[in-house]
Amino acid sequence: MSILVYLVPAALLLGGLGLAAFMWSLRSGQYDDLEGAAERILYDDDKPESDTPDGTKD
Amino acid sequence: MTELAAGLQERAGIDPDLFVRKTADGEARLDLVVAGMHCAGCLRKVEGALKGLDGVTHARANLSTKRVAVRWNPARLRAARIVRALSETGFTAVPFDPKLAGTFDEKETRFLLRSLGVAGFAAANVMLVSVSVWWGLVTDMDETTRAFFHWVSALIALPAVAYAGQPFFRSALKALRSKQMNMDVPIALAVILATTMSLVQTIVNARHVYFDASVTLLFFLLIGRYLDVQARAKACSAAENLLGLRATAATLIAPDGTQRSVAVESLEPGMKVLVAAGARVPADGEIISGLSDIDTSLVTGESTPERVEPGMNVFAGTLNIGAPLTVRVTKRDDESLLSEIVRLMEAAEQGRARYVRIADRAARFYSPAVHVMAAATLALWFALGAHWETALTNAIAVLIITCPCALGLAVPVVQVVATGRLTRQGVLVKAADGLERLAQADTIIFDKTGTLTLGRPQLVNGHEIGNADMGLGAALAAASRHPLALALAAKGKGHAAPKLDDIREVPGMGMEALLGGETVRLGNADFAGAEASAAHGGSELWLKKGGAAPVCFRFEDTVRPGAKEAIAGLKARGFAVELLSGDREPAVRKLAGELGLDEWRAAARPDAKIARLEELAAAGRKVVMIGDGLNDAPALRAAHVSISPADAADVSQTAADFIFQGAKLDPVVETVDVARQSQRLVVQNFALAIGYNMFAVPLAVAGYVTPLVAALAMSSSSIIVIVNSMRLNRKQKAAA
């Protein structure tokens, strides 16, 4: 059972990474326009788009 | 969004500089509402057009809110150029007043979403550990491993509850401070107690902890809360866009003759303004020069345009459909007839008894019951001589089991499904509790002009008119923007048009031209030298060709397609249907007869409409008001629930709970059906949630609820409620 001492923190760490990724995506405004995001995937060019309307990472 | 298009056209001439903001790094920022933006191609075109401009640093369109945010270097570009760039690509854009933005708390939505993420993370990981413990309890888990798992759960759950529980804790605290009860009080209590007790159990190394219950509880409740807030935010942003259109500007003529664009609020009596053809009159005033026709239908409900000349008064909000007018302002913006109507509307709003949503009504009776039950359990176990720990554990189990997880989801999920279904049918749900109120309604009052009718005149005596006259009339009419002329031109399209020379419009009179050296005239009776026939309810145009007798074209407003069927459908659904119009009696009587409406009133002023609504409300009736004009706006507010067509006046759309698109009246029936169905589903969901409580609460009181039972009961009831709500979508497919 001592293996749990490593496995449980590892599981939590991975879960925590997922949570951090979610927080980051929320901050960078990726949920502001869900309808638009669904349509933008149809664009042909693959250039990345810029950030939030104010130009700041709030 | 076609309802925006009309308003956008009217505002096209506004100076966008009034709405530009400065950002921190010295750039200019402007938010624009863009009509007709609804696909990937549109997004691309809008953004492409803006980014192609020299000086623009950022352009991002938002399809959900139909707005675009632009940032640029103010030294290199004027705001007007940006608006022009959009109109060149075929999109009408108007500046969005930043003052209106943020009436809805965007921060709160974001915080809910963050809490939801945290709660989801915690629920998944605590469950991972809990399932192992449950499994270990039935097999053989040694005590050290169990203790380790409990401590891991505590480590995850404590910060998660402290963070994600905040929306509920704050709301509960607010309710308690004002000595009231809401659904959040038992939620907060259950979560805090369950977490605290679990921590104590962990420290004393007991067998059961409830960390999983408190975090999954938060997770499910936050889903419901987020959906609810989302629905309201959407309704709110639609309302903001419409409201933005109302903040208009006027063209001021300075004493030195120069013209500039100013905000309507800054107009003072004595100032001179120019009202272009096709524009709305910005303020109440007196005409100094110009002859034109004024369409007052939005203000008075009168369907025939009124002829105006110097010396006459015009009202703010009326539409100038003839030639340009110069108007001297006589009243400030806040004293105008339009503002009067807005004030009447606000009074009606205050008069409307504050409606209590069904979820809140349920909470009022539910929360005290929950607390009493938990307290009774505690007392019972004490009376039976149990240890304080057992008594408290069972009391908390009762709190957890009764926690309104399913109740919290019962309304929001149905709301989201119903709103989605209506949006696909072209109905915009503006008020979050609109569906609930509509489901209770038993009486429907229609306005006439623009609601039951299209608000556009159509030629009715076409069969009496010869082909040659029709062709000539249409050719003359084609050069004018008057609504009657537009209708005639549309009707006469197929006829051979004679060659006309020297066509000119005589403002306030009609059209005049030369046909092979002979003067032909199309216009009002005086202009064509004819006697106006008073018997006719609608409006007329006269055609005079040389010495021949003048020919009369008669026009009437046409009924919306499907109006008769829609009214029959509403009657079949048990509604009492009435017609309440500001128009003259003959026109109203005729329409009521055509549509089979026994109850009708003509020449009703805005205050008379409200009086009728109050009379019905006093008789215990719940009234749906369906109207479009400015004159209906106060009535729309005063009614129990209200619906507007998409081409209604902006103020009316702001006042209405629902907006339907398209020329047909069918969406009204559809909306009523969806409202009633969703109300049935909400009641079913409540019944399911309460039924599950009746089964689970005795178990909890008796002390049989282990963390496993609590988790199963809670999740299954939530999922059943969600699945039941989804049936609203399935019924539609069956019907289609």
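The values are calculated or read from the model by the stated rules, or taken from the named source; none is laboratory data. What you see is a predicted model; the values in this text were computed from it and never measured. Methodologically, a virtual Cβ is constructed for each residue, glycine included, from the backbone with ideal geometry; neighbour enumeration extends over all protein chains shown.
Counting only helices (runs of 4 or more DSSP H) that sit wholly inside the stretch B:466-533, those with at least 3 residues that are over 16 Å from residue B:544 (Cβ atoms) and not basic (Lys, Arg) are B:483-491. In the stretch B:312-329 there is no residue that is surrounded by fewer than 21 Cβ atoms within 10 Å (Cβ to Cβ), within 23 Å of residue B:505 (Cβ to Cβ) and at pLDDT below 70. Inside the stretch A:22-36, residues that are more than 10 Å from every other protein chain (Cβ to nearest Cβ) and part of a loop (DSSP other than H, G, I, E, B) make up a count of 2. For the stretch B:152-187, enumerate the residues that are without any contact (Cβ under 8 Å) to a residue 40 or more places away in the chain, farther than 30 Å from residue A:10 by Cβ and surrounded by fewer than 21 Cβ atoms within 10 Å (Cβ to Cβ). Of everything in the stretch B:152-187, those that are without any contact (Cβ under 8 Å) to a residue 40 or more places away in the chain, farther than 30 Å from residue A:10 by Cβ and surrounded by fewer than 21 Cβ atoms within 10 Å (Cβ to Cβ) turn out to be B:169, B:170, B:171, B:173, B:174, B:175, B:176, B:177, B:178, B:179, B:180. Of the set (1) more than 26 Å from the chain's Cα centre (by Cα); (2) surrounded by 21 or more Cβ atoms within 10 Å (Cβ to Cβ), all apply to residue B:593 but (2).
Among the conditions (1) in a helix (DSSP H, G or I); (2) out of contact with any Ser or Thr (no Cβ under 8 Å at 6 or more places or on another chain); (3) at pLDDT 80 or above, residue B:364 misses just one, which is (3).
Condition check ((1) surrounded by fewer than 19 Cβ atoms within 10 Å (Cβ to Cβ); (2) touching a residue at least 40 places away in the same chain (Cβ under 8 Å); (3) of a type in the set (Lys, Arg)) across all residues:
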residue	(1), (2), (3)
B:628	no, yes, no
B:634	no, yes, no
B:664	yes, yes, yes
B:671	no, yes, no
B:678	no, yes, no
B:683	yes, no, no
B:713	no, yes, no
B:729	yes, yes, no
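Among the candidates B:398, B:411, B:417, the residue that is at pLDDT 80 or above, more than 30 Å from residue B:435 (Cα to Cα) and either within 31 Å of the chain's Cα centre (by Cα) or among the β-branched types (Val, Ile, Thr) (or both) is uniquely B:398. Residue A:48 falls short on exactly one of the conditions (1) at pLDDT below 80; (2) at the interface with chain B (Cβ under 10 Å from one of its Cβ atoms); (3) over 19 Å from residue B:109 (Cα atoms), and that condition is (2). The C-beta contact set for the stretch B:111-138 (first residue over 19 Å from residue B:714 (Cβ atoms), second residue acidic (Asp, Glu) and not in a helix (DSSP H, G or I), distance under 9 angstrom, 6+ apart or interchain) comprises B:136/B:142.
Got a number for residues in the stretch B:57-97 being more than 13 Å from every other protein chain (Cβ to nearest Cβ), among the charged types (D, E, K, R) and touching a helix residue (DSSP H, G or I) at 6+ places or on another chain (Cβ under 8 Å)? Counting residues in the stretch B:57-97 that are more than 13 Å from every other protein chain (Cβ to nearest Cβ), among the charged types (D, E, K, R) and touching a helix residue (DSSP H, G or I) at 6+ places or on another chain (Cβ under 8 Å) gives 3.
Evaluated against (1) of a type outside the set (Val, Ile, Thr); (2) more than 22 Å from residue B:398 (Cα to Cα); (3) away from chain A (no Cβ under 14 Å); (4) over 49 Å from the mean Cα position of the chain (by Cα), residue B:178 falls short on exactly one condition, (4).
Checking each residue in the stretch B:75-89 for being closer than 11 Å to residue B:28 by Cα and small (Gly, Ala, Ser) picks out B:75, B:79.
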